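A.B. asks: Below is the structure I would like to discuss, written out as structure tokens.
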Amino acid sequence: MTEHAATKDRDDGPILWSNALFLSLSPLLAVLLIPIYLWYSGGHWAIWVTTFAMWIFTGLGITLGYHRLFAHRSYKASPVWRFLALVAGAATLQNSAIVWAAAHRRHHRHTDHHGDPYDATRGFWWAHMKWIFHENDQADDLSNVPDLKADPLVVWQQKWYWVIALVMNLVLPLGLGLLIGRPWGMLLIAGLGRIVFTHQATFSINSLCHILGTQPWSESNTSKDSWICAYLTFGEGYHNFHHSFPADYRNGLRWYHFDPAKWAIWTGQRLGLTSNLKRTEAPIQWRKKLERQTEKYETSLSQFVPEVGADWNHRIESARQLVDEHLNRWSKNLREYQRACRNKEVTAALLRSLREARRAWRRAWKEFLALERALPLPA
Ligand SMILES: [Zn+2]
Ligand SMILES: [Zn+2]
């Protein structure tokens, strides 16, 4: 064990046996009991439909509710939307929205460091679920969620969390199961199986999404972008983008990136249920890309002999400054255009100047990128 790991282990609180036993035994019971049940009793279409519907509902409760609405405030939603998100979130047995969001805000504030509850540098299992097995002296610190503590609907969910969880996970599946004469099947598959599946998907955001994939936006922490993780985590797989722009309501930036929460929030806006969807403007995204590419060049240059390095350093810095200037100009033009759109004052000259600024920026960016191919091999 490294000294780093040993120091951190000493900080771990005592084991919370209720969490440790439930999170360890529930997957084992699901894997064992569901096949036995299906072997002896067979499936039923109503069980599969209910399981699928509850999986979508509760999965979205975490991604578009707990995560993007309550933890990040990346959009606004109507009371009906917020109520459903809170009910769905409680049904996943991942604690109340207030506690979940407080831990998640700490994760973003202290990513990979002390204070990050699911610090991925401590290894896969810690980030995945072992962090929940231990008492955490910060778990009750809700000082970073004053907005949620002032929200009556969120406070209501905190107060009635266990009642909602029991109704959704026991009363509802049992009632539906009794209707079709399959109470055990419904409890095991739509209840236990779905809880385990949603747990593992959410836990993978903290573990796999900090291990598997690429870092196109930033290397300042362990977060990664991966389409495989996007499918495994119900659309939260573009985690490097998310850590770079946490206020954005999207996780998968491109329209084809698998991100059901993004699609649902966007559809909600069309239906008048969500509003104020926060998007990271293109020039801000490109500025991040510029920083990332500059870091790549700096890493390459550090391997050069000083004379060659100094010459290339100058060329790269000049090209970077040019991109920076054009990016500023394009950004300014874009703001003017947006203002003109709001006031319905868009002119042909404004459009022309916006197009020109964008073309000039793209040219400068291409030249900056071309330096990577022209770089000599390190000494
Ligand atoms: Zn993360
Ligand atoms: Zn987040």
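Where a number appears in this text, it was derived from the coordinates with a stated rule and is not lab data. These figures come from a predicted structure and were not determined experimentally. So basically every Cβ, Gly included, is an ideal-geometry build from the backbone, and we count neighbours across all protein chains shown.
A.B. asks: Residues Tyr249, Tyr256: which one is in contact with a helix residue (DSSP H, G or I) (Cβ under 7 Å, 6 or more places away or on another chain), away from ligand 1 (no atom under 15 Å from the Cβ) and hydroxyl-bearing (Ser, Thr, Tyr)?
C.D. replies: One residue alone meets the criteria, Tyr249.
A.B. asks: If Gly309 satisfies all but one of (1) surrounded by fewer than 20 Cβ atoms within 10 Å (Cβ to Cβ); (2) in contact with a helix residue (DSSP H, G or I) (Cβ under 6 Å, 6 or more places away or on another chain); (3) within 25 Å of Leu354 (Cβ to Cβ), what's the number of the condition it fails?
C.D. replies: Exception for Gly309: condition (3).
A.B. asks: Examine segment 221-233 for a residue that is among the small types (Gly, Ala, Ser), surrounded by fewer than 17 Cβ atoms within 10 Å (Cβ to Cβ) and either part of a helix (DSSP H, G or I) or out of contact with any Gly (no Cβ under 8 Å at 6 or more places or on another chain) (or both), and state whether such a residue exists.
C.D. replies: No, that holds for no residue.
A.B. asks: Inside segment 260-280, can you point out the residues that are touching a helix residue (DSSP H, G or I) at 6+ places or on another chain (Cβ under 7 Å) and part of a loop (DSSP other than H, G, I, E, B)?
C.D. replies: Leu273, Leu277
A.B. asks: While we're looking at this one, here's another question. Report, by residue number, each residue of segment 242-276 that is farther than 23 Å from Ser218 by Cβ and not polar (S, T, N, Q).
C.D. replies: Listed by number, the residues that qualify are Pro260, Trp263, Ala264, Ile265, Trp266, Gly268, Arg270, Leu271, Gly272, Leu273.
A.B. asks: Go through segment 178-197 and count every residue that is of a type in the set (Val, Ile, Thr) and surrounded by 23 or more Cβ atoms within 10 Å (Cβ to Cβ).
C.D. replies: Total satisfying the criteria: 2.
A.B. asks: Name, by its number, the condition in (1) free of Cβ contacts under 8 Å to residues at least 12 places away in the same chain; (2) under 18 Å from the mean Cα position of the chain (by Cα) that does not hold for Lys130.
C.D. replies: Lys130 satisfies all of (1) free of Cβ contacts under 8 Å to residues at least 12 places away in the same chain; (2) under 18 Å from the mean Cα position of the chain (by Cα) except (2).
A.B. asks: Tyr66: within 16 Å of ligand 2 (Cβ to nearest atom) and either surrounded by 14 or more Cβ atoms within 10 Å (Cβ to Cβ) or under 23 Å from the mean Cα position of the chain (by Cα) (or both), yes or no?
C.D. replies: Considered against the rule, which asks whether it is within 16 Å of ligand 2 (Cβ to nearest atom) and either surrounded by 14 or more Cβ atoms within 10 Å (Cβ to Cβ) or under 23 Å from the mean Cα position of the chain (by Cα) (or both), Tyr66 comes out as yes.
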